[in-house]
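Participant: Below are the structure tokens for one structure; questions will follow.
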Amino acid sequence: MAKPHKQLSRRWPGQLAGRVAKLRARIAGQGAAAMLLSNASDIRYLTGFTGEDSWALVTRRGVTAISDRRFEEELATGTPHLRAVMRKESLAEELGRELRAARVKKLIVQAEHVTLTQRASIGRYCRGVKLVPVSGWLLEQRAVKDDSEVAHIEEAIAIQQAAFTQLKGQLKVGMAERQVCAQLEFNMRRLGADGPAFRTIVGVGANSSIPHYHPGDFKVKRNEPLLIDFGAVVHGYHSDMTRVIVLGKLSRKMVEVYEVVREAQAAGIAAIAPGKKLADVDAAARKVIKAAGYGKQFGHGLGHGIGLQIHEEPRLSWAAEGVLEMGHVVTVEPGIYLPGVGGVRLEDDVLVTERGGRNLCTLPTDLESAMI
Ligand SMILES: [Mn+2]
């Protein structure tokens, strides 16, 4: 049996309480009494609970984590403000019990985070409850970072930058891409990262023209570009940067491309301001690349939000709708990719402030710094 609603007497950490209050207002606005969260990042954002395979039920009275025994201790000590139910049967069966106890007749669910199988089992065990699918609520809420979230992202950036600076002293001709990758990830771990933010990209020479390349056995050579796209995770928050470096010198063609990308990135960052259309920020950087004749070699959007996941809202692309808001943190990562020759992408993480974009990354991008 579930314990009574003990969480009413437990204090919620301020930031989390604010997040839940905001969501509750939105739930009430739909004429509903409860919402089911079935996405781990959203649950972490709202409650601080970092477990998996769990759901969270937000009602007017509190938040109940429906979890299992693997997470019992974490829930008891880490998130005492949550009421925790250790399920003995399926998530949907426990959910049905909770909904009946709280007399919930209308339940908001996350359309993008409920599988067809889960939908069927919720229907089976939560009879008489009307499901109201919504999408994007938590993505919108999570897009605007508070000070503690920005601090976590900055900490992740500090670690990845220190790891990269160390790597520059460790790079040698003849190292395989996978060795470079392992060394960089090792540096980040040793400096305090919980892990890499995504599969690190290390592309030597012509491999640098493949935007999402995975490191293999190609060896670092003198005068060949090395594209490194990497990030760290700290307290669940992701950072994301790309640099192109070379042992020796870049070819004339690559130098030309490098300078165009650098100028495009500066234009993109300069275009960032609250209220600015997302598509216009993309256009500001793209214009520079098009003018240089490389429009077709820049095939992806300019950037994306970062936070508890590596790709979040908002998206900076020609197709994006909406505007930048204060507190958004976005990557700005233009690139030019020449198949068979090589590619350049430069990526920094930028916070939207009232005075415009504040680049949270401090590693230089000038050509001199790129050459080792
Ligand atoms: Mn990125």
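Participant: So what is the orientation-averaged projected area of segment 94-237, using the convex hull of its C-alpha atoms, in nm²?
Facilitator: 12.4 nm²
Participant: Helix-only mean residue ellipticity at 222 nm, the chain, DSSP H runs n ≥ 4 weighted -39,500 (n - 2.57), per residue, nearest 500. What is it?
Facilitator: -11000 deg cm²/dmol
Participant: Just the Cα atoms of the chain, one point each, no solvent: what log10 I(q)/I(0) does Debye give at q = 0.07 Å⁻¹?
Facilitator: -0.37
Participant: Please state, as a whole number in µm²/s, the translational diffusion coefficient that the Stokes-Einstein equation yields for segment 256-330 at 25 °C and 0.890 mPa s, with Rh defined as the Kirkwood radius across alpha carbon pairs.
Facilitator: My calculation gives 196 µm²/s for D.
Participant: In what sequence, highest mean first, do 12-20, 29-37 appear when ranked by Cβ atoms within 10 angstrom?
Facilitator: 29-37, 12-20
Participant: Right, another one. I'd like the Kirkwood hydrodynamic radius of segment 199-242, using the inverse of the mean 1/r over distinct C-alpha pairs, in Å.
Facilitator: 11.3 Å is the Kirkwood radius here.
Participant: Place a +1 charge on the Cβ of each Lys and Arg in the chain and a -1 charge on the Cβ of each Asp and Glu, then give the dipole magnitude about the Cα centre in debye, rounded to the nearest 20.
Facilitator: The dipole of the chain has a size of about 1280 debye.
Participant: For segment 86-127, restrict the atom set to alpha-carbon positions and state the Rg and Dmax in Å.
Facilitator: Answer for segment 86-127, Rg first and Dmax second: 10.2, 27 Å.
Participant: What ranking do 272-282, 225-235 get when scored by the average of other Cβ atoms within 10 Å per residue, highest first? Could you put the intermediate results ahead of the total?
Facilitator: Working: 272-282: 19.2, 225-235: 24.0.
Highest mean packing first, the order is 225-235, 272-282.
Participant: Is segment 214-301 rounded, prolate or oblate when judged by the Cα gyration tensor, a ≥ b ≥ c being the square roots of its eigenvalues, rounded requiring a/c under 1.5 and prolate requiring a/b larger than b/c?
Facilitator: Oblate shape, in that a/c is at least 1.5 and b/c is the bigger or equal ratio.
Participant: On to the next question. Rounded to the nearest 20 Debye, what is the dipole magnitude of segment 112-239 about its Cα centre when Lys and Arg each give +1 and Asp and Glu each give -1 at the C-beta?
Facilitator: Working: 15 positive and 13 negative charges, 107 e Å.
Roughly 520 debye for segment 112-239.
Participant: Can you give me the C-alpha center-to-center distance between segment 224-265 and segment 72-105, rounded to a whole angstrom?
Facilitator: 46 Å
Participant: Using +1 on the beta carbon of Lys and Arg, -1 on that of Asp and Glu, and nothing else charged, what's the dipole of segment 195-271 about the Cα centre, debye to 20? Can you show the working numbers first?
Facilitator: Values: 9 positive and 7 negative charges, 64 e Å.
Here the size comes out at about 300 debye.
Participant: Can you give the alpha-carbon Rg of segment 31-86 over 2.2 N^0.38 Å, where N counts its residues? Walk me through the numbers before you get to the answer.
Facilitator: On the way: Rg = 10.4 Å, N = 56, 2.2 N^0.38 = 10.2 Å.
Taking the Cα Rg and dividing by 2.2 N^0.38 Å, one obtains 1.03.
Participant: Could you tell me what percent of the accessible area of the chain is made up of carbon and sulfur, with a 1.4 Å probe and every protein chain present?
Facilitator: Reported share for carbon and sulfur atoms: 52 percent.
Participant: Please compute P(r) over all alpha-carbon pairs of segment 1-124, binned at 5 Å starting from zero, and give each bin as a whole-number percent.
Facilitator: With 5 Å bins starting at 0, P(r) equals 2, 11, 23, 26, 23, 12, 3, 0.
Participant: I'd like the trypsin sites (Lys or Arg not before Pro) in segment 124-174 restricted to DSSP loop residues with at most 16 other Cβ atoms within 10 Å, sorted by number.
Facilitator: Hits after loop and neighbour filter: Arg127, Lys172.
Participant: Quick one: accessible area per residue over the chain, 1.4 Å probe, rounded to a whole number of Å²?
Facilitator: Accessible area per residue: 45 Å².
Participant: For a distance above 19 Å, tell me the whole-number percent of Cα pairs in segment 245-372 that qualify.
Facilitator: Within segment 245-372, distances greater than 19 Å cover 46 percent of Cα pairs.
Participant: Working from Cα positions, state the angle (0 to 90°, nearest 10) between the long axis of helix 177-190 and the longest principal axis of the chain.
Facilitator: Approximately 50 degrees, to the nearest ten.
Participant: Would you be so kind as to identify which of Gly205, Pro274, Ala182 lies farthest towards the positive end of the dipole of the chain, taking Lys and Arg as +1 and Asp and Glu as -1 on Cβ and the Cα centre as origin?
Facilitator: It is Pro274, whose Cα lies furthest towards the positive end.
The values are calculated or read from the model by the stated rules, or taken from the named source; none is laboratory data. Bear in mind the structure is a predicted one, so any value in this text is a computation, not a measurement. Note that each Cβ is placed from the backbone with ideal geometry, even for glycine, and that neighbours are counted across all protein chains shown. With ligands, DNA and RNA removed, areas are computed over all heavy atoms of the protein, side chains included. Shrake-Rupley method; radii C 1.70, N 1.55, O 1.52, S 1.80 Å.
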